[in-house]
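This report concerns only the one structure given below.
Read the figures in this text as sums done on the coordinates, not as results from a lab. Keep in mind the model is a prediction, meaning the values are calculated, not measured. Glycine gets a Cβ as well: all are built from the backbone with ideal geometry, and neighbour counts include every protein chain shown.
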Amino acid sequence: MQPRSFQLKALPLLLGVALGAVAIPAFAHFLVVYTPQTALVRATDLPFHLVFTHAFNGGPSMAMDKPQRFYYAKRSAPNEQIEEVDLARYLEPIQWAGEQGPVSAWKATVPRNVVRSLGDYQIVVEPTPYLEEAEGLYIQQFAKVMVNVGGVPGNWSETLGLPAEIHSLNKTYANWTGGVFRGVVLGNGSPVPYTQVEVEYLNHDLDVANNTFVADGKIDAPHPSLAAIVILTDANGQFSFTLPKAGWWGFAALSVGPENEYNGKPLSQDAILWVQATDLPQ
């Protein structure tokens, strides 16, 4: 796990002690917001699984409280305001079959009549902070995934004013394998220069019927640094990454939100963005 630097705040985290006392895997926490396909030809029911886990290794997974908010943001016409539609009523608690036993997670099926119009849907999960006892801090990850219906462009490139957010400079649902994805890390609406962005591949298929990951990963990383790739934003808070394999890629900017304390402990507000890559047809 990459240490959370809290470069925007002065917090005395005793990470060295925690890492020395407990064996911590060298990969990051990710709030996985999974739906099978984000580029839709027509409206359909949208299934989601929300799991707090380690994306590349498929675990360990952590218990997840009900999100504080689960919604989509959409602009129906160029001159209209972005509309936020609450999706929390579709959330259902599940027991995710993790490698260390079942943990609480969530699923939802958003009916097609709720996402029936053409265009972009920015789907957002704002979770309840999670206490990471090994690090002695709370983690709150503001996660986004985008869905497009019918190929009509919409508000995919707009920011939503989240405390921690990745501003997409490419459509997250329209990327050929080998293409370059670009984004800007924002903390409280402002670009965050020279901050770390962790990139992980969702290396295990989801067995959604049984609420678990398929046991075998798609690839084996020969070194831990290839399981959780770390890149830096530039002076303008921008980063780029070439997507080498089809599937889901998660981008996590750690400790970029404005709040730094929760329940008397340090709080890391992270920005998560999920990007889907597609192979060129043969």
For residue 206, other-chain or 5+-apart residues with amide H closer than 5 Å (H placed, Pro excluded) are 214
Residues meeting the amide H criterion for residue 107 (H placed from the backbone, H to H distance under 5 Å, 5 or more places apart or on another chain) are 50, 92, 94
The chain, Gaussian network, Cα under 10 Å: of 69, 182, 112, the residue fluctuating most is 112
So, with points 7 Å from each Cα along the Cβ direction, the residue 220-residue 117 label distance in nm works out to 5.1 nm
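I need 123, 229, 219, 166 ordered by Cβ neighbour count within 10 Å, fewest first. Mind dumping the intermediate values first?
Values: 123 25, 229 17, 219 13, 166 28.
Sorted ascending by nearby Cβ count, the order is 219, 229, 123, 166.
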Cα convex hull volume per residue for the chain, in Å³, equals 134 Å³
Amide H contacts under 5 Å for residue 55, restricted to residues at least 5 apart in sequence or on another chain and with H modeled in the peptide plane, are 30
Checking 95, 141, 122 against a Gaussian network model of the chain (alpha-carbon springs below 10 Å), the top fluctuating residue turns out to be 95
Log10 I(q)/I(0) at q = 0.16, 0.20, 0.22 Å⁻¹ for region 161-282, from Debye over equal alpha-carbon scatterers, is -0.85, -1.13, -1.23
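How do 61, 117 line up, fewest other C-beta atoms within 10 Å first? Please report the intermediate quantities before stating the final value.
Numbers: 61 24, 117 13.
Fewest-to-most ranking of 61, 117: 117, 61.
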Largest fluctuation, 57, 148, 188 only, Gaussian network model of the chain with Cα springs under 10 angstrom, belongs to 188
From the Cα centre of region 189-207 to that of region 212-282, the distance in Å is 2 Å
Over 20 Å (Cα to Cα) among 74/144; 74/171; 107/245; 144/265; 107/265 -> 107/245; 144/265; 107/265
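Could you put 146, 62 in order, starting from the residue whose Cβ has the fewest other Cβ atoms within 10 Å?
Numbers: 146 26, 62 21.
If I rank by nearby Cβ atoms, fewest first, I get 62, 146.
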Here the longest stretch of the chain that holds no GluC sites (Glu not before Pro) in a DSSP loop having at most 11 other beta carbon atoms within 10 Å is 134-282
